[in-house]
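Right, one structure below, let's go through it.
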Amino acid sequence: MKCIYCGCEDSKVIDSRSADEGRTIRRRRECIKCGKRFTTYETIEDTPVLVVKSNGTRQSFDAGKIKNGIVKACEKRPVSMGAIDELVDGITKRVYNSMEQEISSKAIGEMVMDALKDLDEVAYVRYASVYRSFKDISSFMEELQKMMDNKK
């Protein structure tokens, strides 16, 4: 790290502290050449991930949208907000860990449904009914039958 006073590239870290709820590290440094102290901040670089919608448009990934959909699906169900937050965090990590700059909304929807299937079956069916746009009762029943077959 280059000293802001003399331009020397050698410095030593005197103190490190977490800041911004653990997303940033504040480092107190001392220049080896001039002995003056300065502060640097190390932060995580967010790589933007774009979601490719079914109509071909793109928008930034927003975990809040996933959470809103899951909250609606879990309405009046015995699912805690902690469990919902955990589910959203898991999906968010999977999206960012994929190292892809673009991900389809369909892939995200499948991740949500897979997670909801294990969390609460009724919430899963609610989410699937909107996500898969069931047109009639037979398509809805097909999905229920798949669930029943998988349980056996």
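Checking the Cα-Cα distances for Lys2/Lys36; Lys65/Lys146; Lys117/Lys146; Lys67/Lys106; Lys2/Lys33; Lys72/Lys106 against a 21 Å cut-off, the pairs over it are Lys65/Lys146. In the context of the full set of protein chains, the stretch 36-132 has a per residue accessible area of 64 Å² (1.4 Å probe). Against the chain, whose longest principal axis is taken from its Cα atoms, helix 137-151 shows a tilt of about 70°. For the pair Ala107 and Thr39, how long in nm is the line joining their label points, each one 7 Å along Cα→Cβ? Result: 4.0 nm between the two label points.
Surface composition of the chain: carbon and sulfur make up 49 percent of the accessible area, probe 1.4 Å. The stretch 15-49 and the stretch 97-152 have their alpha-carbon centroids 43 Å apart. In the stretch 1-144, inverting the average of 1/r over every pair of distinct C-alpha atoms gives 18.7 Å as the Kirkwood radius. The calculated FRET efficiency for Lys93 paired with Glu142, based on their beta-carbon distance and R0 = 30 Å, is about 0.40.
Mind pulling up the Rg/Rh value for the stretch 8-84? Radius of gyration and Kirkwood radius, both on Cα.
Numbers: Rg = 21.7 Å, Rh = 16.9 Å.
Computed over Cα atoms, the ratio is 1.28.
Listed peptides 39-48, 93-102, 109-118 appear in the order 109-118, 93-102, 39-48 once ranked by packing, highest mean of other Cβ atoms within 10 Å at the front. Rounded to the nearest 10 degrees, the angle from helix 121-131 to the longest Cα principal axis of the chain is 90 degrees. Note on Asp62 and Arg23: with the Förster distance fixed at 22 Å, the Cβ-Cβ geometry gives a FRET efficiency of about 0.80. For the chain, the 222 nm mean residue ellipticity estimated from helices alone, with every DSSP H stretch of n ≥ 4 adding -39500 (n - 2.57) and the total spread over all residues, rounds to -14500 deg cm²/dmol.
Relative contact order of the stretch 15-149: what whole-number percent is it, with Cα pairs under 8 angstrom and at least 6 residues apart? Display every interim value, and only then the final one.
Details: 124 pairs, mean separation 24.9, N = 135.
The value is 18 percent.
Applied to the stretch 85-94, the Karplus parametrisation 6.51 cos²θ - 1.76 cosθ + 1.60 on θ = phi - 60° returns per-residue 3J(HN,Hα) values of 4, 4, 4, 5, 4, x, 5, 4, 4, 4 Hz, with x for Gly and Pro.
The values are calculated or read from the model by the stated rules, or taken from the named source; none is laboratory data. Note that the structure is a prediction, hence the values are computed from the model and not measured. Don't worry about glycine lacking a Cβ; one is built from the backbone with ideal geometry, like all the others, and counts go over all protein chains shown. Heavy atoms of the whole protein, side chains included, go into the accessibility calculation; ligands, DNA and RNA do not. Shrake-Rupley method; radii C 1.70, N 1.55, O 1.52, S 1.80 Å.
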